[in-house]
Structures are given as C-alpha cells and as structure tokens.
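Take a look at the structure below.
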Amino acid sequence: MAIRRHFVSEISVQQSFWHFSLAVYARPGVAEECLALQEEFGLDVNLLLFSVYMGAVRGVILSEQDVEHAIDIVVVWHRDVVKRLRGVRQSLKVLAKEQAAPTAKDIEQYRATIKAAELEAERFEHKWLEDWSHSVRFHAPSGSPSAAAAANVATLFAISSASRQPPRLPNHLIAAALRIGRPSDETGHERPL
C-alpha cells in the first residue's frame, strides 16, 4: 500500500475512512504488518483497513456477503490500476539503483509521480468503499468495536485465503484501529458509539 508514514493525528469518529486509514497506517508496526499480509497472502490492504474501520469505528460486524460485496466493488480497479501502478513504482525503484546519479535522480522524481498516482488510486478505493458502507451499517449486526474489528478481519481472511490456512490476526492493525477509531475523552474513558 502506498500510504507510507503520513503523519495524521488521532481523528474523530466523524471523519472519513481515508483519514482513519492514514492515521492507523502511520502507527508503529501497522505498515509492516499490512505489507507482509499483502506480500504473503495477496490481500488488498485497503480492504483490510476497511474491515477494521467498519468494526472499530462503526461497531459493525460484516457478513461474508458484505465482505464479498466490498471486494467486488474494488477488485477490478485494484487489479488493473492500483497493482499496475505499484508494479511500475517498484520497477522504477530498482532501475534508479542501477543508474548513474543524474539518471537515477530523474527516475526517482518520476517514481514519486507514480507513487502519488498510486496513492490517489487507493483513495478512490476508499471513497467507493465508504460510500457503499453507508448502506451496510444499518443492516449489519453491531458488536463491540474490538470484537467487530477482529471478526471482520477474520471474515476477510477466510474469503481471501480459501485455499490455504488464513493468517493470524494483525494485532498491531487492530489495536491501532481501536485507538484511532475510539479515542478516549478528556477523562480517559472510551467514548461510546
């Protein structure tokens, strides 16, 4: 995922899925955990973030049908646009290392342009998922944010890794999502949904 270490302060529940994702992804250990799941299991990190967002922020437990629908919303775009931009960006990184200084600098500048396009493509995925989620939140059962986030990730894993053992739950991601999605009030108590 191209969301690399953007500093975003804790956000309110009222803010968008995109801002939530930026804040969560910037937390220690989250990017590494997400990228490992992307590399090893081919998971779309945006869907992983969406799963924890729906649980941690909205307290919604997504059904298998809900997760499959979310996948359907972004799968073609992710495959044909996001992954291709990522591939170009990664190729340019290797190419820049093989070139002399002036050429490498030009390649790195172009790579930054591709990285920005990749990030924008991911923002579209976020927007489409968030738009769709407004209809889901009223139909899905509610649960505690912690249980809902873990259940949603487990459902995504079960659907995405049908032919092999699903990975273990991403603890850094879930913990960060709960901290960002349910910040404490001034007295140190967790805000109710």
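Does R123 satisfy the condition of being basic (K, R), surrounded by 13 or more Cβ atoms within 10 Å (Cβ to Cβ) and either in a helix (DSSP H, G or I) or at pLDDT below 95 (or both)? Walk me through it before giving the result.
Working: basic (K, R): yes; surrounded by 13 or more Cβ atoms within 10 Å (Cβ to Cβ): yes; either in a helix (DSSP H, G or I) or at pLDDT below 95 (or both): yes.
In short, yes.
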**Report entry** Flag for R79 being crowded, with 16+ Cβ neighbours inside 10 Å, out of contact with any strand residue (DSSP E or B) (no Cβ under 9 Å at 6 or more places or on another chain) and under 20 Å from L37 (Cα atoms)
**Finding:** no
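State which residue is farthest from V45 (Cα to Cα) when the search covers only segment 84-100 and only residues that are among the charged types (D, E, K, R) and surrounded by 15 or more Cβ atoms within 10 Å (Cβ to Cβ). Working first, answer last.
Looking only at segment 84-100, we keep the residues that are among the charged types (D, E, K, R), and these are 84, 86, 89, 93, 97-98.
Cutting the leftovers down to surrounded by 15 or more Cβ atoms within 10 Å (Cβ to Cβ) gives us 86, 89.
Details: R86: 13, R89: 17 Å.
Of everything passing the filter in segment 84-100, R89 is farthest from V45 (Cα to Cα).
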Report task. Could you please find all residues in segment 58-72 being in a helix (DSSP H, G or I) and surrounded by fewer than 18 Cβ atoms within 10 Å (Cβ to Cβ)? Result -> E64, Q65, E68, H69, I71, D72
Query raised in the report: Which one of these is of a type outside the set (S, T, Y), at pLDDT below 95 and over 20 Å from S16 (Cβ atoms): L37, L85?
Result: L37
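Residue-wise test of (1) in contact with a Cys (Cβ under 9 Å, 6 or more places away or on another chain); (2) at positive phi; (3) modelled with pLDDT of 75 or more.
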site: L119; (1), (2), (3): no, no, yes
site: S146; (1), (2), (3): no, no, yes
site: H172; (1), (2), (3): yes, no, yes
site: A177; (1), (2), (3): no, no, yes
site: D185; (1), (2), (3): no, no, no
Query raised in the report: Among the residues of segment 89-118, which ones are among the aliphatic types (A, V, I, L, M) and more than 21 Å from the chain's Cα centre (by Cα)?
Result: L92, V94, L95, A96, A100, A101, A104, I107
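Hey, among K115, K93, K97, which residue is within 24 Å of F50 (Cα to Cα) and among the basic types (K, R)? Don't jump to the end; show me each part of the working.
On the way: K93 fails: within 24 Å of F50 (Cα to Cα); K97 fails: within 24 Å of F50 (Cα to Cα).
Answer to the check: K115.
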Requested in this report: Hey, can you tell me all the residues within segment 76-117 that are β-branched (V, I, T) and free of Cβ contacts under 8 Å to residues at least 24 places away in the same chain?
Outcome: V76, V94, T103, I107, T113
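The values are calculated or read from the model by the stated rules, or taken from the named source; none is laboratory data. Since the model is a prediction, treat every value here as computed from it, not as a measurement. In this analysis, Cβ positions are derived from the backbone assuming ideal geometry, glycine residues included, and neighbour counts consider all displayed protein chains.
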